[in-house]
1. Restricting to region A:581-613, name every residue that is open to solvent by less than 30 Å² (accessible area, probe 1.4 Å) and outside any loop (DSSP other than H, G, I, E, B).
2. What's the total number of residues in region A:210-223 that are over 12 Å from A:ARG291 (Cβ atoms) and open to solvent by less than 10 Å² (accessible area, probe 1.4 Å)?
3. Considering only region A:254-294, state which residues are part of a loop (DSSP other than H, G, I, E, B) and basic (Lys, Arg).
4. Hey, can you tell me all the residues within region B:622-638 that are closer than 16 Å to B:HIS650 by Cβ and not polar (S, T, N, Q)?
5. I want to confirm something. Restricting to region A:360-417 and keeping residues that are assigned to a loop (DSSP other than H, G, I, E, B) and in contact with a Leu (Cβ under 8 Å, 6 or more places away or on another chain), which single residue is nearest to the other protein chains (Cβ to nearest Cβ)?
6. In region A:3-13, which residue that is within 8 Å of another protein chain (Cβ to nearest Cβ) and part of a strand (DSSP E or B) is farthest from the chain's Cα centre (by Cα)?
Protein chains: 2
Amino acid sequence: MKAKDVRRRVVISGVVPQVDGGRYPVKRTLGDRVTVYADVFCDGHDLVAGEVLYRRRSTKKWSAAPLEPLGNDHYRASFFVSDTGHWLFTIRGWVDRFGSWQRDLQARVSAGQDVGMDLEVGAGIIAAAAKRARGGDAKALRETVALLLSDESREKRTEAALADDLRKLAGAWPDRSTATRHDREVIVDVERDRAGFSAWYELFPRSTATEEGVHGTFDDLIARLPYVAELGFDVVYLPPVHPIGRIHRKGKNNNPTCAPGEIGSPWAIGADEGGHQAVHPDLGTLDDFNRVVAAARDLGMEIALDMAFQCAPDHPYAREHPEWFRHRPDGSIQYAENPPKKYQDIYPFDFDGEGAETLWKELRSVVMFWVDRGVRIFRVDNPHTKPFCFWEWLIREVRQVYPDTIFLAEAFTRPRVMEHLAKIGFTQSYTYFTWRESAAEMRQYLTELTRSEAVEFFRPNFWPNTPDILPGHLQDGGRPAFIARLVMAATLSSCYGIYGPAFELMERVAVARGSEEYIDSEKYQLRHWDLDRADSLKGIIARVNRIRNRNPALHGNRDLSFHETTNDQFLVYSKRSPDGGNVILVIVSFDPNYTHTGWVELDLPALGLHPEESFTVHDLLTDDRYSWRGSRNFVELNPDVLPAHVFEIHPDGRDEKDFEYYGD
Amino acid sequence: MKAKDVRRRVVISGVVPQVDGGRYPVKRTLGDRVTVYADVFCDGHDLVAGEVLYRRRSTKKWSAAPLEPLGNDHYRASFFVSDTGHWLFTIRGWVDRFGSWQRDLQARVSAGQDVGMDLEVGAGIIAAAAKRARGGDAKALRETVALLLSDESREKRTEAALADDLRKLAGAWPDRSTATRHDREVIVDVERDRAGFSAWYELFPRSTATEEGVHGTFDDLIARLPYVAELGFDVVYLPPVHPIGRIHRKGKNNNPTCAPGEIGSPWAIGADEGGHQAVHPDLGTLDDFNRVVAAARDLGMEIALDMAFQCAPDHPYAREHPEWFRHRPDGSIQYAENPPKKYQDIYPFDFDGEGAETLWKELRSVVMFWVDRGVRIFRVDNPHTKPFCFWEWLIREVRQVYPDTIFLAEAFTRPRVMEHLAKIGFTQSYTYFTWRESAAEMRQYLTELTRSEAVEFFRPNFWPNTPDILPGHLQDGGRPAFIARLVMAATLSSCYGIYGPAFELMERVAVARGSEEYIDSEKYQLRHWDLDRADSLKGIIARVNRIRNRNPALHGNRDLSFHETTNDQFLVYSKRSPDGGNVILVIVSFDPNYTHTGWVELDLPALGLHPEESFTVHDLLTDDRYSWRGSRNFVELNPDVLPAHVFEIHPDGRDEKDFEYYGD
């Protein structure tokens, strides 16, 4: 037992945020304030002090943010992350000798005790601080020592010893030689804004031709982009744009046999024309693709590509690199299976076989190929069927060069697997949102996502539909259901997306009752969409995206609160911006058929409201305003009008025009 | 990235039990079953398998307990700890290649697919297992390979491949070369039974004389021990038995000045006659003390000593080792303070000063001195005012030689400090039990203690009273309050104690209204107790201790459940033995004045009862029996009769006589 360890009296525990006790990074976005909490204490009655130390991983020098006491040995400190990349923080705590002495002195003085000897003790503590101090502080501390030991009156010396300024001065030069340091440096992975706040629009480029039955091109896609931008999206996600295999090509409606001229699924990647680093000739050339990326950027949007690491049987890899695949006993390459289902049009890679090393490098080069073309967002197809360590490696490799790259994990699988993909590096994750079909289920799911450690690493991306998922509630519920799901996806989660134009045109016929597969799905055939149909949801989608963009409360998920209601068809929730200045309250009805009424019981503190305060709720969907007071208020939602309110809350005496973000 | 790491596909997370992510040991007692939970999963659809590895720290060889799946990637395994001392466990998981293949084969066969090639693949997996296997297993596996590759009928070969026995056989020889191992070895600190289940009786030896006004001796104490044994206690805890200082000695009722002949507080340790390794001459000799230890042992009890590491001003240490104390600027030794309060009769040690090394060794020799005299239980006075690292060192040093030593922390301080003392080695801890004065507060406190990580390291010891604490509810509530607090202390916590005879004689007058100090406290003067008083609680205390001893449900705190009731004066809770065979249901009224009635809403699964089952509740305090059915039952408690029921629950058709532990 070293003497120094004996004097290390402070204990630091219960450090938050951490993921798996510090094994994985905590996620934040640029400009976030990272608030750190810990229990810090020592034996006996002494006060403790401490600080959060933080730095960019790339710099050596730590900065410090002082711990503020919250009571019950609990402390807090916070710092801003002003750069993307990895940051580190840890905590340091020490016995506050001067503070403890000053507190005791105050108690003695208040009790009218003689403190002559205590002033001598204090002078010793201050003299030690003076030795550690520099410049003017050292001088001021030395002067205080002299005063305390002088023959000035007891009153004057005591008054000087109890001064608040002296506490600050001596506290700035504490004895940290026996400080305790938390045994982990927690990594904070700071990503750009769009990692945490994004609105995605998925579309099939081949269905963008102006003429029905014609294969769309990258130029058609470029012509479609202004429409997407008008809807208010900022990420345009394209299913694979590569050549499509011909062997075992699927026909319309997933027909195992394919008629001549059928175009196949874009996820059956690779043919004679090339593989993952080529574009489908019917879409255009790589140069055309470059123009798509540029056109999106000009509209303030980004292109996201699909990263589906699998091959059609006629992918050049299958011929040139058989060592990248598993083989059956007869020597043929093993196709994809989920027994008894067989996917003979797909060859999965063998990620841990003999050819793993060259395979991994090749796949990294695939990502870098598109990154070099300006793509910085990837939606990764089925990452849960490839080894975790492959993704951990790949994402690290790419982000070392391009730290602004975003990876969305399309893993619809078990919760622990989805969480682990998020821990090892995926920026965002698909979720179970689509299958939460009642207000109670939705509330429970969001509570899991935002009130557990998951909020530190799992960024949900909510999708009301995808080309693979036409949920039953959209099939049955029609327009009100589409709007309700849109509002929930866009306001419950700071990242969300729709698969369009199927969404805004309320495409809702499945191949069969009980199936979630679209009839005549674009996955296997061209579709032609009438974007100008009178019943299109494009107006309300644009409105919802405008509300998202203008209300900082909707740019994160940490400050989500649920409120009680008497009607169990209603989901009532609110979000606040980090500074508390913007508060959004959403009320959604899950019933697409009937008008519902009910009382909502607001958690006023969660809304930043006082119990006695009257306030105005301003429906940002309709521009209607209601005057409310207190926690209990009445709501009616008629699905034929709108199945949701999206209220901005204004305490009376304020107005939304006071907020600088308002107005076009 | 090494090839081996690439193939290490299994992830292990969420391991329970652990304390602070594995930084501190988990506590158990001899013969406990340690149940370990973890999330274990890999990418893709493969099955995983795994085991908990465990061993005594002193042996090299690991034993293994297989993980059983609980669904949702959650697994469990358990093992018995058959020895005191440190045990270690960790978890190992791997891909279950054979199991995955067999499951897929079954799916293919069920779908009527051709499985010829699959049998070949399986033969390869089994052949690999055969290479790892030994003896008969290897032979059996090789025979299966031969059969699968033979020209036997497809049906016969398939049947052999799908056999459950084959799964067991191949599963016993898995490929662990790419297994993942949890990154911690969790320490399990296994202590003897009394660490987890004990009933303490505190008494002042000097008040045990048969004649009033005479200083009791160790022989008087020996004569008192059968009385304590009859009450059913197993630990007899004595306040310090050392010589008492004369300088600044306190008088009766904590009077700062002491009249001639007054005897002082036993916690003011040390005088000319000796210090921590001496006994007070008025009590007797060390030989007499040895006889006390032996007499207690003969009655099935143990003596616990008070370990108060502080000195009276005339303790020999103060003269011989001034370097073990802090000094004031005038050179005098610094007395104890909690400004503005001064305790001039007490000198605290300076645990991290210049003399720390010899001081620590001396204090260790103090403990060893008493350990060598057969004392194995210590109640440690105010451990929170000494450095944590001192206790960590001292407890480790003592338990290395005498692993059966038990330390009870008398730390009435902030929650984080109390928890930390438990983490670093204290066996048991005093608690806030005394200040939980309503059913709701008590329920919340027990939920904190038993439903959080605290249950793994913090063993509560509940005291209705101590020489320092005569709570207001006993002062006001009288007999019903004493009984209610006794029943709760003894049944909510597997370790509890009372300070007697003050408790059984319902001593309840404080020095002043609002104070918790006893008037005429034994801390400062002799008391003479009439143990045969007609109203003594000794009968019910003996009954409660007998109930504790006979009902394994009351030997631990892990399986504590609370039940709802319509009367908020009632606290309703139950405990089950680890095997579920013994169930105790307690209903206590917090109101000492009025008869209360109410409905209790039983959580039937927590009681091991089916909703439709009728059952008998047998009040072990009164021997009354009631027939109950379903969850809702009526209860009346009259404080003038008894303020509590302690029911044993018998599903009808069974009887308590079926249980072997019943009967005298």
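1. A:VAL583, A:ILE584, A:LEU585, A:VAL586, A:ILE587, A:VAL588, A:SER589, A:GLY598, A:VAL600, A:LEU604, A:ALA606, A:LEU607
2. Selection size over region A:210-223: 1.
3. Looking only at region A:254-294, we keep the residues that are part of a loop (DSSP other than H, G, I, E, B), and these are A:256-268, A:270, A:272-273, A:275-285.
Within region A:254-294, no residue meets the criteria.
4. Answer for region B:622-638, where residues must be closer than 16 Å to B:HIS650 by Cβ and not polar (S, T, N, Q): B:ASP623, B:ASP624, B:ARG625, B:TYR626, B:TRP628, B:ARG629, B:GLY630.
5. A:ALA411
6. Let us first name the residues in region A:3-13 that are within 8 Å of another protein chain (Cβ to nearest Cβ), namely A:3, A:5-9, A:11, A:13.
Checking which are part of a strand (DSSP E or B) leaves us with A:11, A:13.
Values: A:VAL11: 32, A:SER13: 26 Å.
Of everything passing the filter in region A:3-13, A:VAL11 is farthest from the chain's Cα centre (by Cα).
One line per residue, one yes/no per condition, for (1) within 30 Å of B:ILE547 (Cβ to Cβ); (2) touching a Leu at 6+ places or on another chain (Cβ under 7 Å):
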site	(1), (2)
B:PHE204	yes, no
B:TYR227	yes, yes
B:ALA259	no, no
B:GLY275	no, no
B:ASP288	no, no
B:ILE303	yes, yes
B:CYS311	no, no
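Yes/no per residue for (1) in a loop (DSSP other than H, G, I, E, B); (2) at pLDDT 95 or above; (3) crowded, with 19+ Cβ neighbours inside 10 Å:
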position: B:GLU448; (1), (2), (3): no, yes, no
position: B:ARG479; (1), (2), (3): no, yes, no
position: B:ARG508; (1), (2), (3): yes, yes, yes
position: B:GLU522; (1), (2), (3): yes, yes, yes
position: B:HIS528; (1), (2), (3): yes, yes, no
position: B:LEU531; (1), (2), (3): yes, yes, no
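The values are calculated or read from the model by the stated rules, or taken from the named source; none is laboratory data. Just so you know, these numbers come straight off a predicted model, no measurement behind them. A quick note on method: Cβ atoms are made from the backbone with ideal geometry, for glycine too, and the neighbour counts reach across all protein chains shown. For accessibility, only protein heavy atoms count, side chains too; no ligands or nucleic acids. Shrake-Rupley method; radii C 1.70, N 1.55, O 1.52, S 1.80 Å.
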